[in-house]
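Enquirer: Here you go, one structure.
Values quoted throughout were computed directly from the atomic coordinates according to the rules given, and no laboratory measurement underlies them. Remember, predicted model here, so these are calculated numbers, not experimental data. Cβ placement follows ideal geometry from the backbone for every residue including glycine, while neighbour counts extend to all protein chains displayed.
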Amino acid sequence: MVGGKREDVIFTSGGTEANNMVILTAMKHFWNTFPEAQAGGDKENGPTLHRSVKPHIVTSNIEHDSVRLPLEAFQKERKIDVTFVPASKLTGRVEVQDVLAAVRPTTCLVTIMMANNETGIIMPIADIMRAVRSVNSEKRSTPQPRILLHTDAAQTIGKVPVDVEELGVDYLTVVGHKFYGPRIGALYIRGLRHDTPLYPMLYGGGQEDNYRPGTENTGMIAGLGMAASLVNNNLEKYESHMREVRDYLEQQLQDRFGSSVHFNGRLAGSERIPNTCNVSILGQGLQGQRVLSRCPHLQASVGSACHSHKVNRPSHILLAIGIPCEVAGNALRLSVGRHTTKQDIDLVLQDLQEAVSAITAEQH
């Protein structure tokens with residue numbers, strides 16, 4: 001499904017575990033291979049708190065929390081340095097030149113999501129990784145650490161083509177339930193056992209060659225394989241259908257709400273995955289959660305579905321790409337799927353119209 005070799009995949013509990021495993025691997029690989037980092041510390045636990053040489057990781061300010069939060073935690077513990085590259089407010093993307101500008105002699109990992117989970121905007125991963133690989137080539141004659149390359153492909157698999165060779169990544173995160181599989185994950189590692197390091201987070205019975213010990217969840221692994229098979233056989237059809245229905249949704253929103261609609265993910269020069277529409281219906285009192293609470297049929301979120309409990313805060317993702325606070329506060333993240341029909345769209349648009357009308361009437 002992702003263009004790799006079968007021996008280069010291990011199975012995890014989900015994307016969060018896979019992302020954390022990559023971050024911890026990059027840290028340990030730095031301590032194990034960079035001579036200056038080993039003084040004043042040890043290979044297993046890294047340098048002491050007072051050492052100035054720490055592994056440096058480059059990421060973006062629009063990453064999923066399973067990347068952002070561990071990085072923030074390790075930075076707070078003074079185990080790593082992190083640069084959160086800001087996404088462009090013109091394109092909503094993380095741009096190549098900004099990632100390159102963040103690279104340091106101690107950089108050991110670049111981790112950028114393949115597509116944002118709220119806006120659907122696709123990042124130029126192949127271009128970013130190609131540029132960073134050229135930095136790695138320049139480092140070969142120096143004692144500087146190799147920069148490992150990772151992308152979280154949770155949002156793209158099953159929606160657009162994903163090929164590890166084209167992307168040029170060392171690691172790629174797979175999340176089953178994002179493409180109709182079970183709630184299980186996987187991690188692709190380029191040249192596992194030979195070219196690219198991987199350190200276990202757990203120690204136990206030796207399953208998966210000790211990279212991820214613990215009895216394998218065979219049923220879910222088989223389900224993930226079947227979901228991957230469906231993607232391999234039907235991706236073009238899935239992508240075309242979701243794009244057609246999503247575009248119909250956006251056209252109907254435009255027709256019914258006119259200038260009151262703001263599409264937060266439609267930025268010049270950027271492509272989106274075909275299933276996602278992040279939209280704000282402008283107007284006083286039309287905060288996303290308030291509108292959703294009036295919709296009997298529409299199931300959606302106001303931001304990342306993982307954090308829908310943070311109902312009163314505008315999305316930090318939307319704020320980061322320059323969406324004004326009052327617009328971001330009204331945002332709805334609408335997603336279509338393989339089986340969504342135009343009739344479904346018409347039904348939830350009726351929901352939205354009635355909810356907006358009722359809230360607007362209450363304001364007067």
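Enquirer: Put a dot 7 Å past each Cα toward the Cβ at GLU165 and SER137; how far apart are the dots in nm?
Expert: 1.9
Enquirer: To continue, here is another question. At 0.36 nm per residue, and after removing the present C-alpha to C-alpha distance, how many nm does the segment from ASP127 to MET226 gain when stretched out fully?
Expert: 32.5 nm
Enquirer: Of HIS339, HIS364, HIS262, HIS177, how do they rank once you tally other Cβ atoms within 10 Å and put the fewest first?
Expert: HIS364, HIS339, HIS177, HIS262
Enquirer: Quick one: 3J(HN,Hα) in Hz for the stretch 109-124, Karplus 6.51/-1.76/1.60 with θ = phi - 60°, rounded, Gly and Pro as x.
Expert: Those phi angles translate into 8, 10, 10, 10, 5, 6, 8, 6, 6, 9, 8, x, 5, 8, 8, x Hz.
Enquirer: Still on this model: Got a sec to turn the phi values of the stretch 207-212 into Karplus ³J(HN,Hα) couplings, 6.51 cos²θ - 1.76 cosθ + 1.60 with θ = phi - 60°, whole Hz, x for Gly and Pro?
Expert: Here the 3J(HN,Hα) series is 4, 6, 6, 6, 6, 8 Hz.
Enquirer: Another one. Over what distance in Å are the Cα centres of the stretch 232-285 and the stretch 142-170 separated?
Expert: 26
Enquirer: Report the full-extension gain for the segment ASP344 to ALA268: residue separation times 0.36 nm, less the Cα-Cα distance, to one decimal in nm.
Expert: That works out to 24.5 nm of additional length.
Enquirer: Considering only the other residues whose Cβ falls under 13 Å of the Cβ of PRO70, what net charge follows from Lys and Arg at +1 and Asp and Glu at -1?
Expert: Neighbourhood net charge equals -3.
Enquirer: Follow-up. Quick query: amide H of ALA331 versus all other amide H atoms, modeled in the peptide plane; which residues come in under 5 Å with a sequence gap of 5 or more or a different chain?
Expert: GLY288
Enquirer: Calculate the FRET efficiency for THR215 and CYS325 from the Cβ-Cβ distance with a Förster distance of 51 Å, rounded to the nearest 0.05.
Expert: Efficiency computed from Cβ-Cβ geometry: 0.60.
Enquirer: Around SER270, which amide H atoms from residues at least 5 apart in sequence, or from another chain, sit under 5 Å from its own amide H, with H modelled in the peptide plane?
Expert: none
Enquirer: A follow-up question, please. To make sure I understand the rule: partners must be lysines, Cα under 18 Å from the Cα of LYS178, and not fewer than 8 residues away in the same chain. Which ones qualify?
Expert: LYS159, LYS237
Enquirer: Residue by residue, what Karplus-based ³J(HN,Hα) values in Hz, rounded to whole numbers, does the stretch 154-164 have, using 6.51, -1.76 and 1.60 with θ = phi - 60° and x for Gly and Pro?
Expert: Result, ordered by residue: 3, 7, 9, 4, x, 10, 9, x, 10, 9, 5 Hz.
Enquirer: Now a separate question. What FRET efficiency comes out for the pair GLN363/HIS316, r = Cβ-Cβ distance, R0 = 30 Å, nearest 0.05? Walk me through the numbers before you get to the answer.
Expert: Values: r = 27 Å, r/R0 = 0.91.
With R0 = 30 Å, the Cβ-Cβ based efficiency is 0.65.
Enquirer: Go ahead and estimate [θ] at 222 nm for the chain from helices alone: -39,500 (n - 2.57) per DSSP H run with n ≥ 4, summed, over the residue count, rounded to 500.
Expert: Rounded to the nearest 500, the figure is -12000 deg cm²/dmol.
Enquirer: Run down the lysines and flag those whose C-alpha is under 29 Å from the C-alpha of LYS28, throwing out any fewer than 8 positions away in its chain.
Expert: Hits, sequence-local ones excluded: LYS5, LYS43, LYS54, LYS76, LYS79, LYS139.
Enquirer: So for the pair ALA101, ARG294, with labels modelled 7 Å out along Cα→Cβ, what separation do we get in nm?
Expert: 4.3
Enquirer: Okay, next question. Can you check what the net charge comes to around LEU198, using other residues whose Cβ is under 15 Å from the Cβ of LEU198 (Lys, Arg +1; Asp, Glu -1)?
Expert: -1
Enquirer: A further question on this structure: Could you work out the local net charge near VAL164, counting Lys and Arg as +1, Asp and Glu as -1, over the other residues with Cβ closer than 15 Å to its Cβ?
Expert: With Lys, Arg at +1 and Asp, Glu at -1, the net is -3.
Enquirer: Okay, next question. Any chance you could give the angle, 0 to 90 degrees and rounded to 10, that helix 15-33 forms with the longest Cα principal axis of the chain?
Expert: The two axes meet at around 30 degrees.
Enquirer: Separate question: Quick one: which residues, 5 or more positions from ASN275 or on another chain, have an amide H under 5 Å from its amide H? H modelled 1.01 Å from N in the peptide plane, none for Pro or chain starts.
Expert: When sequence neighbours closer than 5 places are left aside, there are no close amide H contacts.
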